[in-house]
Each structure stands twice: as C-alpha cells, then as structure tokens.
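The block underneath contains the structure these notes are about, expressed in structure tokens.
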Amino acid sequence: MFISQQLRKENIAEYLLYMWQVEDIIRAYGCSLTALRREYISRFDYDEDKKEELTDWYGNLINMINQEGCREGGHLQINKVVMQQLIELHEQLLESTKFPFYNTEYYKVLPFIVELRNRGANKEENEIETCFNALYGTMMLRLQKKEISPDTQHAIKEITTFIGMLSDYYKKDKEEGLEL
C-alpha cells in the first residue's frame, strides 16, 4: 500500500500535506515522468513491480496536473475536494453545540490565523486553508533546515493540535458518522 493510501485512511490532514508535497515534487521534476522515474523513484528501495506501480501513480498525477493547469502552482482537484470536506466539517462542528472542545480549540487558534493573514496570508482563503498553508510552510522550512522562531513554533503547535482534532473528527465521521 502506498503512503498516500495509508495516510488517507488514518489521518486526512497528513494525507493532504503529503499530497501537496507530492505536487511540489512533480513540479520540481518539470512534470516529467521520465525525470521523476530516473532521478526520484529509482532511489526507493522497492522491487520493480512496486516501482512500476509508483511510476503509474505519479504518471496519473502528472496527467491531472497538466489537465487541470497546475504546472506552476495550485492544487489538484482531488486535493481541493478533501480541503472542501474539511472546511464543511469544520463549519458543522462550530455550529453544533455537541463539540465544545473543538470550539475551544478553534478560538485558541483564531488569533494565530488572524496574525498569519495580517502577515500576508491570503485573506480570501478559508481559515482551515490558512492553517494548512502554515503547517506546510513550516514543514518546508524544517526540510530546508531553516530556523523557525519560538513564536512561530508555538503557533504551529497550536494549529497542529487544532487540525489534528479536525482530522480525528473527519475520520470518526467517515467511519461511524458524527451526530452533529
């Protein structure tokens, strides 16, 4: 099973961040399946069947990126749908009186969202997208071994807790259904 399939079942937030990273990896190789296979997939310690399966998966994503006009940036429709599902669940959780801990966590994170928007985050995007963009940006900084300020670390810790809670509710809703 691919990492993406496992993450989609277990943690939708990690899945979405992973898929955003996959989009960036594809772009880094110029949306070229040949380059991706030669320089990236070949490094995995998989047997040839698994590498072919992975190549097919990346090939399908490259086709989608090209068809959807995402070569330079943006997200695939499959990822936008997941984001929209999370946004809708977030709104339902906030409207319900049955999830006071979620509401508390949201209002704890809200000042960080406002600050991110004041510092240049897209004011038009949904708050959940702002949180994901902050998490993804921090993940990229860590991969590049760049310094992250203590204030940013604190904000990311709080956002991680909040998005983790949303992700848990998403999983529970998919498996059992939530009584909203």
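One residue stands out in the range 141-180 among those that are under 22 Å from TYR107 (Cα atoms) and polar (S, T, N, Q): the one that is least open to solvent (accessible area, probe 1.4 Å), namely SER167. Using the structure shown, decide if TYR15 is touching a helix residue (DSSP H, G or I) at 6+ places or on another chain (Cβ under 9 Å), of a type in the set (Ser, Thr, Tyr) and surrounded by 17 or more Cβ atoms within 10 Å (Cβ to Cβ). The answer is yes for TYR15.
Residues of the range 109-128 being closer than 21 Å to ASN11 by Cβ and either open to solvent by 60 Å² or more (accessible area, probe 1.4 Å) or assigned to a loop (DSSP other than H, G, I, E, B) (or both), which ones? Scanning the range 109-128 gives a single hit, ASN126. Exactly one residue out of GLU147, GLU124, GLU88 is within 21 Å of GLU23 (Cβ to Cβ) and out of contact with any Asp or Glu (no Cβ under 8 Å at 6 or more places or on another chain): that is GLU124.
Whether any residue in the range 96-107 is under 15 Å from the mean Cα position of the chain (by Cα) and surrounded by 11 or more Cβ atoms within 10 Å (Cβ to Cβ) is what I want to check. No: zero hits. Each residue in the range 18-36 was checked for being open to solvent by less than 20 Å² (accessible area, probe 1.4 Å) and of a type in the set (A, V, I, L, M), and 5 pass.
For the residues THR97, THR104, THR130, the requirement of being in contact with a Lys or Arg (Cβ under 7 Å, 6 or more places away or on another chain) and either free of Cβ contacts under 8 Å to residues at least 40 places away in the same chain or β-branched (Val, Ile, Thr) (or both) singles out THR130. Within the range 37-51, the residues that satisfy the criterion of being assigned to a helix (DSSP H, G or I) and either within 30 Å of GLU127 (Cα to Cα) or open to solvent by 90 Å² or more (accessible area, probe 1.4 Å) (or both) are ARG37, ARG38, ARG43, GLU48, ASP49. Scoring GLU91 on the criteria (1) open to solvent by 80 Å² or more (accessible area, probe 1.4 Å); (2) more than 27 Å from GLY177 (Cβ to Cβ); (3) of a type outside the set (Val, Ile, Thr) leaves a single failure, condition (2). The sole residue among GLY164, GLY137, GLY73 that is out of contact with any Pro (no Cβ under 7 Å at 6 or more places or on another chain) and not in a helix (DSSP H, G or I) is GLY73. Look at the range 20-37 and say how many of its residues are in contact (Cβ under 8 Å) with a residue 60 or more places away in the chain and either closer than 20 Å to PHE162 by Cβ or basic (Lys, Arg) (or both). Of the residues in that region, 1 qualify.
Looking across the range 90-108, just one residue is assigned to a loop (DSSP other than H, G, I, E, B) and touching a helix residue (DSSP H, G or I) at 6+ places or on another chain (Cβ under 8 Å), and that is PHE99.
Answer yes or no as to whether THR138 is in contact with a Lys or Arg (Cβ under 6 Å, 6 or more places away or on another chain), closer than 30 Å to ALA35 by Cβ and either modelled with pLDDT of 95 or more or open to solvent by 90 Å² or more (accessible area, probe 1.4 Å) (or both). No: the conditions fail for THR138. Scan the range 1-12 for residues that are open to solvent by less than 50 Å² (accessible area, probe 1.4 Å), in contact (Cβ under 8 Å) with a residue 12 or more places away in the chain and part of a helix (DSSP H, G or I) and the total you get is 2.
The values are calculated or read from the model by the stated rules, or taken from the named source; none is laboratory data. Not measured: the values here are computed from a predicted model. Positions of Cβ are backbone-derived with ideal geometry, glycine not excepted, and every protein chain shown enters the neighbour counts. Surface areas here come from the heavy atoms of the whole protein model, side chains and all, with no ligands, DNA or RNA. Shrake-Rupley method; radii C 1.70, N 1.55, O 1.52, S 1.80 Å.
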